[in-house]
1. Go through (1) exposed (fewer than 14 other Cβ atoms within 10 Å of the Cβ); (2) closer than 28 Å to Gly75 by Cβ; (3) at pLDDT 95 or above one by one and return the number of the condition Trp158 breaks.
2. Just checking: which of the helices (runs of 4 or more DSSP H) contained wholly in region 130-217 hold 2 or more residues that are of a type in the set (Ser, Thr, Tyr) and over 23 Å from Pro273 (Cα atoms)?
3. In region 155-178, how many residues are of a type in the set (A, V, I, L, M, F, W, C) and more than 24 Å from Ser125 (Cα to Cα)?
4. Please state which one of Gly129, Gly102 is modelled with pLDDT of 95 or more and more than 16 Å from the chain's Cα centre (by Cα).
5. Within the bounds of region 181-191, is there any residue that is under 29 Å from Ala126 (Cβ atoms) and buried (at least 21 other Cβ atoms within 10 Å of the Cβ)?
6. Look at region 315-331 and say how many of its residues are at pLDDT below 80 and buried (at least 21 other Cβ atoms within 10 Å of the Cβ).
7. Which residues, counting only those in region 73-111, are closer than 14 Å to Thr131 by Cα and aromatic (Phe, Trp, Tyr)?
8. Is it true that Arg120 is surrounded by fewer than 19 Cβ atoms within 10 Å (Cβ to Cβ) and either within 26 Å of Gln153 (Cα to Cα) or aromatic (Phe, Trp, Tyr) (or both)?
Amino acid sequence: MEEVWVPFAQREEWADVTPVLQDDGPSPICPISYSAQFRDTMNYFRAVLRSDERSARALALTAEVIEQNAANYTGWHFRRLCLYATGADLRDELEFVEDVGGDNPKNYQIWYHRRLVVQRLGDASAELGYTAAVFEEDAKNYHAWSHRQWVLQSFGLWEHELAFVAHLLAADVRNNSAWNQRWFVLQHTTDVGLATSRAEVAYALAQARLAPSNESPWNYLEAHVKRHGHGHFPELRAQLLALQRGAGAGGGGEEGPPQGQGAGAAAAAAALPDCVPLLRVLVGFHEAAGTAEGVAAAAELVDVLANRLDVIRKKWWLWRLAQLVAGVHAVARPGAGVGAAAAAAAAAAAASPPPAAPVAE
């Protein structure tokens with residue numbers, strides 16, 4: 001049964017309070033049409049703020065303020081002052097926050113309030129479970145991930161986090177937030193040495209083959225490679241070249257289900273020769289070789305990316321091609337050892353300013 005709202009003037013416990021009306025000036029041009037409940041609640045809230053009353057009834061009033069507008073920053077701030085002043089049970093407050101947050105999962109004020117309450121409690125034992133539940137509804141909720149990272153750093157609850165991330169990726173290899181979290185955890189729990197990076201590269205490559213056009217595992221893999229240098233990953237270079245030479249054209253975007261089983265796995269494998277992220281990583285390997293042959297191989301791939309596979313970012317690739325051919329990041333003379341088509345495209349792009357780098361969503 002729905003609870004019936006009672007105006008504050010009819011509540012005995014508020015009889016001693018004179019509401020403070022909103023002052024819109026003498027001639028408001030476009031006054032907001034507030035509901036009677038919102039207007040009455042805020043009138044009494046202004047009165048409490050003016051007197052700075054930090055009491056149990058003021059705490060209850062903030063709940064009504066937040067019910068009317070969960071993004072009311074002042075309501076949340078004053079609620080904390082009342083919580084601390086009255087010695088209210090902060091574990092009960094976490095339940096209140098969870099109730100409100102269920103309808104407002106991406107509300108900045110709620111997540112900030114929860115963080116401060118947990119900090120005041122000095123106990124984050126419920127937070128990993130709470131954020132995991134949020135991810136079941138929205139695996140990419142930025143606020144929940146930010147809160148989880150704060151909890152991990154502040155309370156040192158790292159022990160099972162890699163396993164948790166692996167679980168999320170097993171459920172959805174395209175969970176870009178989970179890939180970001182995996183990098184975050186390694187950065188804070190290991191020195192990310194060469195042995196660790198090689199193991200992570202092998203893991204990421206296996207996952208990338210399940211959904212080749214998803215840039216996240218490729219970005220993750222490439223970050224480990226760049227950390228130590230391309231020369232430390234000859235096996236990976238050989239694997240990527242083998243994938244590039246795989247049978248079938250694939251069209252650059254056809255892929256099967258994340259599990260990569262049966263016909264889906266075959267479709268995914270067929271996509272790899274024209275896989276844009278794979279070719280992008282290979283460009284880095286060829287360029288890092290520091291030879292004319294490496295520059296030529298990189299330039300040929302960039303030409304393919306610019307003119308066939310990744311045309312939407314053509315200007316970016318043409319700029320990269322001009323860099324390669326001009327020897328900005330290599331040892332070859334302009335056009336040396338580069339196919340005629342690639343050299344011509346580079347010459348056309350040489351005068352263009354560098355565009356913004358592509359950003360994966």
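1. Only one criterion is unmet by Trp158, namely (2).
2. Working: elements: 142-155, 161-171, 176-189, 194-208.
Once the helices (runs of 4 or more DSSP H) in region 130-217 are filtered for at least 2 residues that are of a type in the set (Ser, Thr, Tyr) and over 23 Å from Pro273 (Cα atoms), what remains is 142-155, 176-189, 194-208.
3. The first filter runs over region 155-178 and keeps only residues of a type in the set (A, V, I, L, M, F, W, C), leaving 155, 157-158, 162-166, 168-171, 173, 178.
Now restrict to residues that are more than 24 Å from Ser125 (Cα to Cα): 170-171, 173.
Residues flagged as of a type in the set (A, V, I, L, M, F, W, C) and more than 24 Å from Ser125 (Cα to Cα) within region 155-178 amount to 3.
4. Values: Gly102 fails: modelled with pLDDT of 95 or more.
It is Gly129.
5. Of the residues in region 181-191, the ones under 29 Å from Ala126 (Cβ atoms) are 181-190.
Those left that are additionally buried (at least 21 other Cβ atoms within 10 Å of the Cβ): 181-182.
The answer is yes; a qualifying residue exists.
6. 1
7. Trp111
8. On the way: surrounded by fewer than 19 Cβ atoms within 10 Å (Cβ to Cβ): yes; either within 26 Å of Gln153 (Cα to Cα) or aromatic (Phe, Trp, Tyr) (or both): yes.
When the stated conditions are applied, Arg120 passes them.
The values are calculated or read from the model by the stated rules, or taken from the named source; none is laboratory data. Every value quoted in this text rests on a predicted model; they were computed, and no experiment measured them. A quick note on method: Cβ atoms are made from the backbone with ideal geometry, for glycine too, and the neighbour counts reach across all protein chains shown.
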